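Everything on this sheet refers to the single structure shown next.
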Amino acid sequence: MADLIRSVRGMNDFLPAQSALWRRIEGAAHACFARYGYGEIRTPILERTELFRRQLGEHTDLVEKEMYTFVDALNGESLTLRPEATVPTMRALLERGVAARGKKQRVYYVGPMFRHERPQQGRYRQFHQIGAEAAGYAGPLADVEQVLMCRRLWEELGIAGKLRLKVNNLGDAEERRSHREALVSYFRDRQDELDEGARRRIETNPLRLLDSKDAQVRAIAEDAPKLEEHLGEESRAIFAEFESGLARQSVACERSHTLVRGLDYYCYAVYEWVFDARGKELTLCGGGRYDGLAGQIGGHPLPGCGFAIGMERLAELVVRATEEEPEQGVAECEVFVVYGKACSGEALALAEALRSAGICAAMDTDPSSFKSMMRKADASGAPCAAILGEDEAAAKEVSVKPLRGQGEQFRIAQDKAAQKLKEMLDSGP
Ligand code: ATP
Ligand code: MG
């Protein structure tokens with residue numbers, strides 16, 4: 001194994017048992033979002049680098065440190081593996097003309113994202129998100145509805161009790177600019193207490209200091225000027241409508257003034273669904289409004305809001321909630337076909353007939369002894385084995401041997417086997 005070429009750090013493989021769990025989660029999301037009139041969008045994994053650099057913000061952690069950016073050696077173009085999908089989604093809607101002026105569009109996506117972060121629990125370099133975007137919707141009812149979509153998904157997956165909703169008001173661009181100026185002057189006055197990185201942040205992205213992971217910076221940020229003090233009447237009213245909309249639907253939430261979201265494009269109501277992971281608070285889902293984004297991409301002005309859920313964290317929560325170990329025993333098949341060496345052709349035909357009847361059938365396609373095949377049938381977890389020895393083959397019959405619970409072995413004509421087995425399986429154990 002010493003020479004085995006290993007996977008890229010922070011990037012995972014999904015084995016069948018885990019994929020089954022993921023398919024269940026994705027299935028729940030597809031069904032849930034469809035009920036709200038959202039259709040699925042799939043955009044490329046690669047985009048032009050400038051799309052993200054400009055829209056996410058030059059001085060965000062994401063753009064500064066986390067993007068997988070490379071030059072395409074074949075034509076010298078700078079490309080980036082998408083680190084999030086809101087920007088590509090808006091790009092696609094504008095470029096394809098589906099979000100034309102005044103037109104509205106609701107879409108959701110499921111897929112991999114890439115960020116060059118330090119891998120740890122709940123943080124990977126290739127991870128996956130499920131997210132939704134409502135383009136053309138001015139809110140705040142659309143925002144409230146998206147929170148309800150999330151809540152419904154949590155309920156379907158049995159994890160609603162583990163999540164808390166935090167909300168904040170980011171105001172409009174002008175209000176944020178005036179707050180930013182106040183922040184810069186506050187932190188400049190206390191820059192001796194900050195380290196090199198934080199000091200640089202003052203000039204590039206002071207908002208980021210407010211939700212810094214460094215305890216010292218956090219302590220200083222406690223007394224920093226609050227965005228709240230810079231908000232005008234209109235954005236307060238919009239946010240109040242968002243909050244009362246949530247209350248009306250019995251969604252509990254807490255106001256968090258330090259919730260700023262990492263990206264430049266957010267405005268007005270933003271939120272995060274958080275949970276406790278071994279004493280640490282982790283965010284499962286982040287969302288909010290981004291009215292300026294379409295204009296920044298180069299399209300016409302178009303309001304919008306959306307959210308993104310981290311699927312690795314979601315899967316972890318679902319596993320925890322249902323105590324369901326992903327690697328634990330789902331049967332590999334429903335019928336395991338065991339056969340004598342001379343009957344491999346008939347056995348394969350039988351397996352095909354079973355599959356045509358909708359049965360999940362498996363057989364050992366590397367023929368081994370009868371005993372060894374029976375052992376494999378047992379290990380597969382299948383409820384029964386279909387045995388095709390020379391005897392059976394000569395009589396054009398099959399022996400059916402129940403492997404779980406009671407039930408006697410019996411013989412049946414080959415051309416009746418599929419139907420009989422289907423009935424047995426459908427009637428349960
Ligand atoms: P964090 O503060 O945890 O870094 P973020 O603000 O960077 O989160 P968003 O860009 O809002 O995250 O992405 C939405 C969700 O995607 C997160 O809440 C999280 O569940 C998930 N996510 C983000 N980055 C990663 C990662 N590197 N690995 C796994 N999941 C991630
Ligand atoms: Mg991050």
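Each reported figure results from applying straightforward, stated rules to the coordinates on display, with no laboratory input. The shown structure was predicted, so the numbers you read here are calculated from the model rather than taken from an experiment. Here the Cβ positions follow ideal geometry from the backbone for every residue, glycine too, while neighbour counts run over all protein chains shown.
Which whole-number percent gives the relative contact order of the chain, counting Cα pairs below 8 Å spaced six or more residues apart? Don't jump to the answer; show the numbers that get you there.
Numbers: 693 pairs, mean separation 63.9, N = 429.
After rounding, I find 15 percent.
Can you pull the one-decimal nm distance between simple spin-label points at residue 42 and residue 182, each 7 Å off the Cα toward Cβ?
Reported label-point gap for residue 42 and residue 182 is 4.8 nm.
In whole Hz, with x marking every Gly and Pro, tabulate ³J(HN,Hα) for region 382-390 from phi via Karplus 6.51 cos²θ - 1.76 cosθ + 1.60, θ = phi - 60°.
3J(HN,Hα) across region 382-390, in whole Hz: 5, x, 8, 10, 10, 9, 10, x, 4.
State, to one decimal in nm, how far the label point of residue 277 lies from the label point of residue 254, with both points 7 Å from Cα in the Cβ direction.
1.9 nm
In which sequence would 408, 390 go, from the one with the fewest C-beta neighbours within 10 Å to the one with the most?
Working: 408 7, 390 12.
The order, fewest Cβ neighbours first, is 408, 390.
Could you let me know the centre-to-centre spacing of region 75-110 and region 330-405, using Cα atoms, in angstrom?
Taking the Cα centre of region 330-405 as reference, the centre of region 75-110 is 50 Å away.
Check each of the trypsin sites (Lys or Arg not before Pro) in region 270-351 and keep only those in coil by DSSP with at most 12 other C-beta atoms within 10 angstrom; list them in order.
On the way: sites: 278, 280, 289, 313, 320, 341; in loops: 278.
When the trypsin sites (Lys or Arg not before Pro) of region 270-351 are filtered for loop state and at most 12 Cβ neighbours within 10 Å, 278 remain.
List the residues, sorted by chain then number, that are 5 or more residues from residue 68 or on another chain and whose placed amide H is less than 5 Å from its amide H.
Amide H to amide H, under 5 Å and 5 or more residues apart or across chains, residue 68 pairs with 81, 116.
Using 0.36 nm per residue of separation minus the Cα-Cα distance, give me the extension gain between residue 7 and residue 193 in nm, one decimal. It would help to have the intermediate numbers written out before the result.
Numbers: separation 186, 0.36 × 186 = 66.96 nm, distance 4.14 nm.
Additional length available on full extension: 62.8 nm.
How far apart, in nanometres, would the label points at residue 427 and residue 218 be if each is projected 7 angstrom from Cα along the Cα-to-Cβ direction?
So the two model labels end up 6.2 nm from each other.
Per the helix-only calculation at 222 nm, which mean residue ellipticity applies to the chain, given -39500 (n - 2.57) for every DSSP H run of n ≥ 4 and division by its residues, nearest 500 deg cm²/dmol? Present the calculation step by step, with values, prior to reporting the outcome.
Numbers: 14 runs with 162 residues, N = 429.
Computed ellipticity for the chain at 222 nm equals -11500 deg cm²/dmol.
Please list 3J(HN,Hα) in residue order for region 85-99, calculated via the Karplus relation 6.51 cos²θ - 1.76 cosθ + 1.60 where θ = phi - 60°; whole Hz, with x for glycine and proline.
10, 5, 5, x, 5, 5, 4, 5, 5, 6, 5, 8, x, 6, 10
Which Rg and Dmax, in Å, describe the Cα atoms of region 300-391?
For region 300-391, the Cα-based Rg and Dmax read 21.5, 76 Å.
Sum up the charges of everything whose Cβ sits under 11 Å from the Cβ of residue 339, counting Lys and Arg as +1 and Asp and Glu as -1, but leave residue 339 out.
Working: positive: 341; negative: 346, 364, 390, 392.
Spelling it out: positives minus negatives among the neighbours equals -3.
Please list, by residue number, every one of the chymotrypsin sites (Phe, Trp or Tyr not before Pro) in region 1-63 that is coil in DSSP and has at most 14 other beta-carbon atoms within 10 Å. Display every interim value, and only then the final one.
On the way: sites: 14, 22, 33, 36, 38, 52; in loops: 14, 36, 38.
Within region 1-63, the qualifying chymotrypsin sites (Phe, Trp or Tyr not before Pro) (loop, at most 14 other Cβ atoms within 10 Å) are 14.
Which percent of Cα-Cα pairs in region 64-126 sits in each 10 Å bin, short to long?
With a bin width of 10 Å, the distribution comes to 18, 36, 31, 15, 1.
Which order results if 374, 11 are arranged by neighbouring Cβ count within 10 Å, fewest first?
Fewest to most other Cβ atoms nearby, the residues stand as 11, 374.
For residue 363, list long-range residues whose amide hydrogen, built 1.01 Å from N in the peptide plane, is under 5 Å from its own amide hydrogen.
Answer set, sorted by chain and number: 337.
Karplus couplings for region 177-191 from phi (6.51 cos²θ - 1.76 cosθ + 1.60, θ = phi - 60°), rounded to Hz, Gly and Pro as x?
5, 5, 5, 4, 4, 4, 5, 4, 6, 4, 6, 4, 4, 10, 5
Within a 10 angstrom radius of the beta carbon, how do 204, 86 rank from fewest other beta carbons to most?
On the way: 204 12, 86 27.
Final ranking by Cβ density, sparse to dense: 204, 86.
Largest first and to the nearest Å, give the Cα extent of the chain along each principal axis.
For the chain, the Cα extents along the three principal axes come out at 92, 54, 46 Å.
Evaluate Rg over Rh across region 271-429, taking Cα atoms for both radii and Kirkwood's formula for Rh.
On the way: Rg = 25.7 Å, Rh = 19.7 Å.
Radius of gyration over Kirkwood radius for region 271-429 works out to 1.31.
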